[in-house]
Amino acid sequence: MADTEDTNIANLLHEARTFAPPADLAANANAKADIYDRDPDEFWATEANSRLSWFTPYTTLREGEAPHWKWFTGGKINACYNCVDRHVENGLGDKVAYFWEGEPADDKRRITYADLQREVVRAANGFKSVGIERGSHVAVYMGMIPELPVTMLALARIGAAFTVVFGGFSPDSLAGRINDMQCTHVVTQDGSWRRGKVFDLKGNTDTAIESCPSVVTNIVVKRTGNDVVWHDGRDIWWHDMVDGKSEDAASCPCAPMDSEDLLFVMYSSGTTGKPKGVMHTTAGYLLGTSTTHYYVFDIKPETVYWCAADIGWITGHSYIVFGPLVNATTSIMYEGTPDFPDKDRWWDIIERYQATVLYTAPTTVRTHMKWGPEYAQRHDLSSLKILGSVGEPINPEAWIWYRDNIGGGKTPVVDTWWQTENGMILITPLPGVSELKPGAALRPFPGIVAEVVDEQGQVIPPGAGAGYLTITSPWPSMLRSLYGDDQRYQDVYWSKFPGRYLSGDGARVDADGDFWLMGRIDDVMNVSGHRLSTIEIESALVDHQEVAEAAVTSKPDPITGRAVVAYVTLKGGVDGDAAKAKELRDHVAKVIGPIAKPAHIVFTPELPKTRSGKIMRRLLKDVAENKTLGDTTTLADPTVVEEIQRRAALVV
Ligand code: 6R9
């Protein structure tokens, strides 16, 4: 467990406070304590029959064996129908689906389920007119505007699979994903708003498409009105595409898809340079996201729910788009950042819409902590009933701050653990049932079986220490494979402990049987709730013409959770300076995206290597964290690491 986040663990080991659910919430909660007694198969079957609408009922709940399962085989279903059409048919057409807050002041929209249906149908007809059809692959590179969920739903409606690429990613990252999935179409915007400035999505898309021969059409939403270079014959404005298209649902019926048809691919950093194309299929994904959404956030007809993530990450897919819409929830969706025009933007939004649920990441909570509670104090946040956390371990200080300063000292904080691969929340408190412990994700969700095992795959009993977090039985919204690389899927998740899904996270189960998550145990770093691969950043650095070698690790950071530390050797024995460090950071931003920029760069004449030439990242991590060095006996040249320590002391 050398690579876990030790400071966090130290804090967690001393945490002993507990918080009972508020009585009124407990009395009316969607989940009562007996939910944990349910048989997993009975639980999922009951949910599938009541929560989803099927064109043809499934015949088999689950078939196959590790690591390839199919769920709800024989069933015909459509994600868009479950998210939109059936609610309109059931008399909920006037219910608000999204309160949308654009970044420019007064740029707001109130989108009902009937509005959403009209927009989705028009977009779907438009997509068909430019050649998108059932089985097409479409890349979506957009910011947080209503056309983004509309695009996802419209594609699902006609049976086209999509990959949404986070709007902050670089042209190279976009191109890699387009090429991996061989997308024929891209949907983007001219630009997106961020702190009053335009981020040039169209320009980035143009650059990406230069190396993407599969792309025939690029659909562009006009959002910011910035100048764009137009490629006649390839580019088409969204407004021209939908112009004159029917918005009548009957003009474009929802395609009856097989339960196991691909819904989308979400690329996620792995331990090697190439991102993993995590595949999610239709019925199981809809069921897992909507069921967890309903119980974890205690969704009621009157709930005003806000997941403040970006749709470009799995959290947005599952808990801004599909989960909430299946449950006919009223959600808030926003464009921009929490500090523009001022640092009270979120609290102003919560007050105006009387939000009852807020779901965000610990890194954002810590940022608000840093700014101070006065911004929240300017607003009435008493509508909030449940607060959620996702993306990384939440330290007890942040948990308590969140509950006290945002939740008025009364709201449960549900710390939800899950991954892109899982599709849905897997380990979490239930707000009307659980005795909360700050920093603990507590229990596997009903229907989920999780175990912590040691290096030999033996289960570590409650209270007996930490190990590898594994999931021992299949769940409906699990990834089905990695796009184009099933062998990698088997190797990464299923080979270390056969029959167990390996999460890559460390965890311990305390004497009460509650789970505490302790961070990644592989080479994936979690910065501000985003997963970054050490190897990916190393390759980006080495891609710079003056860099000879690079090794990347991370160290604890009070705001971002982990901070990226890069050790760089320049070519020709040249030493680096601040200007060179900036150049390298910009280079990483260009290759991967600004989120991956190393916070600290240490120039060093050499990297510590074993005699077989492997860089000893473990030692670099010790240096970054200012710890006593572990075993250095396998180093080819032990003096190298002393020099690095000397230099690191100068930089950090
Ligand atoms: C949903 C999401 C997954 C990784 C995961 C773990 C970390 C997420 C967490 C958490 C501790 C939590 N993680 N939630 N760690 N407590 N509540 O974040 O997906 O981007 O794939 O990241 O995030 O390390 O393995 P993804």
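Close contacts from segment 380-394, counting a first residue that is more than 16 Å from the ligand (Cβ to nearest atom) and a second that is part of a strand (DSSP E or B), with Cβ to Cβ under 8 Å and a gap of 6+ residues or different chains, come to Ser383/Val304; Leu384/Val357; Leu384/Leu358; Lys385/Val357. When His239 is tested against (1) open to solvent by 60 Å² or more (accessible area, probe 1.4 Å); (2) closer than 27 Å to Thr337 by Cα; (3) assigned to a loop (DSSP other than H, G, I, E, B), only condition (3) is not met. The residues of segment 630-652 that are at pLDDT below 80 and of a type outside the set (Asp, Glu), listed by number, are Gly630, Thr632, Thr633, Thr634, Leu635, Ala636, Pro638, Ala649, Leu650, Val651, Val652. Considering only residues in segment 507-521 that are within 20 Å of Ile314 (Cα to Cα) and either of a type in the set (Val, Ile, Thr) or at pLDDT below 80 (or both), the one that is surrounded by the most Cβ atoms within 10 Å (Cβ to Cβ) turns out to be Gly519.
Here is a yes/no grid of residues against (1) over 21 Å from the mean Cα position of the chain (by Cα); (2) closer than 24 Å to Val221 by Cβ; (3) within 16 Å of the ligand (Cβ to nearest atom):
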{"position": "Met241", "(1), (2), (3)": "yes, yes, no"}
{"position": "Cys252", "(1), (2), (3)": "yes, yes, no"}
{"position": "Ser269", "(1), (2), (3)": "no, no, yes"}
{"position": "Lys276", "(1), (2), (3)": "no, no, yes"}
{"position": "Leu287", "(1), (2), (3)": "no, no, no"}
{"position": "Lys300", "(1), (2), (3)": "yes, no, no"}
{"position": "Ala309", "(1), (2), (3)": "no, yes, yes"}
{"position": "Gly312", "(1), (2), (3)": "no, yes, yes"}
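When Val265, Val296, Val220 are checked against the criterion of being touching a strand residue (DSSP E or B) at 6+ places or on another chain (Cβ under 6 Å), within 13 Å of the ligand (Cβ to nearest atom) and open to solvent by less than 10 Å² (accessible area, probe 1.4 Å), a single residue qualifies: Val296. Applying the criterion of being outside any loop (DSSP other than H, G, I, E, B) and of a type in the set (D, E, K, R) to the residues of segment 404-437, the residue that is farthest from Ala450 (Cα to Cα) is Asp404. Listed conditions (1) touching a helix residue (DSSP H, G or I) at 6+ places or on another chain (Cβ under 9 Å); (2) more than 27 Å from Trp346 (Cβ to Cβ); (3) assigned to a helix (DSSP H, G or I) are all met by Phe72, apart from (3).
Counting only strands (runs of 3 or more DSSP E) wholly contained in segment 119-205, the ones carrying 2 or more residues that are open to solvent by 10 Å² or more (accessible area, probe 1.4 Å) occupy 192-194, 197-199. Scanning segment 356-374 turns up one or more residues that are charged (D, E, K, R), open to solvent by 20 Å² or more (accessible area, probe 1.4 Å), modelled with pLDDT of 95 or more and not in a loop (DSSP other than H, G, I, E, B).
The single condition from (1) out of contact with any helix residue (DSSP H, G or I) (no Cβ under 8 Å at 6 or more places or on another chain); (2) at negative phi; (3) surrounded by fewer than 24 Cβ atoms within 10 Å (Cβ to Cβ) that Trp417 fails is (3).
Yes/no matrix, rows are residues, columns are (1) open to solvent by 30 Å² or more (accessible area, probe 1.4 Å); (2) within 16 Å of the ligand (Cβ to nearest atom); (3) aromatic (Phe, Trp, Tyr); (4) in a strand (DSSP E or B):
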| residue | (1), (2), (3), (4) |
| --- | --- |
| Gln545 | yes, no, no, no |
| Glu549 | yes, no, no, yes |
| Val552 | no, no, no, yes |
| Ala581 | no, no, no, no |
| Ile595 | yes, yes, no, no |
| Val602 | no, no, no, yes |
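Condition check ((1) under 29 Å from Val326 (Cβ atoms); (2) in contact (Cβ under 8 Å) with a residue 40 or more places away in the chain; (3) open to solvent by less than 10 Å² (accessible area, probe 1.4 Å)) across all residues:
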| site | (1), (2), (3) |
| --- | --- |
| Pro396 | no, yes, yes |
| Tyr402 | yes, no, yes |
| Glu421 | yes, yes, yes |
| Pro431 | yes, yes, yes |
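Looking at segment 533-543, which of the residues that are more than 12 Å from the ligand (Cβ to nearest atom) and crowded, with 21+ Cβ neighbours inside 10 Å is modelled with the highest pLDDT? Step by step, filter segment 533-543, then rank; the result is Leu541. Of all positions in segment 334-343, none carries a residue that is part of a strand (DSSP E or B) and either in contact with a Pro (Cβ under 8 Å, 6 or more places away or on another chain) or within 16 Å of the ligand (Cβ to nearest atom) (or both).
Please specify each residue of segment 17-56 satisfying the condition of being assigned to a loop (DSSP other than H, G, I, E, B), exposed (fewer than 13 other Cβ atoms within 10 Å of the Cβ) and not basic (Lys, Arg). Of everything in segment 17-56, those that are assigned to a loop (DSSP other than H, G, I, E, B), exposed (fewer than 13 other Cβ atoms within 10 Å of the Cβ) and not basic (Lys, Arg) turn out to be Ala20, Asn28, Asp39. Just one residue in the set Lys76, Lys70 is under 10 Å from Glu260 (Cβ atoms) and among the charged types (D, E, K, R); that residue is Lys70.
Of all residues in segment 404-430, those satisfying the criterion of being in contact with a Leu (Cβ under 8 Å, 6 or more places away or on another chain), of a type outside the set (A, V, I, L, M) and more than 15 Å from the ligand (Cβ to nearest atom) are Gly407, Gly408, Thr411. Residues in segment 495-532 that are within 16 Å of the ligand (Cβ to nearest atom) and either assigned to a helix (DSSP H, G or I) or at positive phi (or both): Gly504, Gly519, Ser528, Gly529.
Selection within segment 593-618: residues that are in contact with a Leu (Cβ under 8 Å, 6 or more places away or on another chain) and among the hydrophobic types (A, V, I, L, M, F, W, C). The member of this set that is farthest from Val641 (Cα to Cα) is Ile595.
Could you run through segment 445-456 and say how many residues are over 19 Å from the mean Cα position of the chain (by Cα) and open to solvent by less than 20 Å² (accessible area, probe 1.4 Å)? Explain how you work it out, then say what you get.
At the first step, the residues of segment 445-456 found to be over 19 Å from the mean Cα position of the chain (by Cα) are 446-456.
Then drop every residue that is not open to solvent by less than 20 Å² (accessible area, probe 1.4 Å), which leaves 446-448, 450, 452-453.
The number of residues fulfilling the criteria is 6.
State whether the residues of segment 468-485 include one that is assigned to a loop (DSSP other than H, G, I, E, B), away from the ligand (no atom under 13 Å from the Cβ), within 21 Å of Asp37 (Cα to Cα) and under 19 Å from the mean Cα position of the chain (by Cα). Scanning segment 468-485, I find at least one residue that is assigned to a loop (DSSP other than H, G, I, E, B), away from the ligand (no atom under 13 Å from the Cβ), within 21 Å of Asp37 (Cα to Cα) and under 19 Å from the mean Cα position of the chain (by Cα), so the answer is yes. Within the option set Gly506, Gly529, Gly463, being more than 30 Å from Leu61 (Cα to Cα), of a type outside the set (Phe, Trp, Tyr) and in contact with a helix residue (DSSP H, G or I) (Cβ under 6 Å, 6 or more places away or on another chain) holds for one residue only, Gly529.
Condition first: aromatic (Phe, Trp, Tyr) and closer than 15 Å to Arg86 by Cα. Now tell me which residues in segment 41-63 satisfy that. Spell out how you get there, then give the answer.
Here is the first cut: in segment 41-63, the ones aromatic (Phe, Trp, Tyr) are 43-44, 54-55, 58.
Result: Trp54, Phe55.
The values are calculated or read from the model by the stated rules, or taken from the named source; none is laboratory data. Here the structure is a predicted model, which is why all the values come from computation and not from measurement. Reconstructed Cβ throughout: ideal geometry from the backbone, glycine too, with neighbour counts over all protein chains shown. Note: accessible area is taken over every heavy atom of the protein model, side chains too, but ligands, DNA and RNA are not part of it. Shrake-Rupley method; radii C 1.70, N 1.55, O 1.52, S 1.80 Å.
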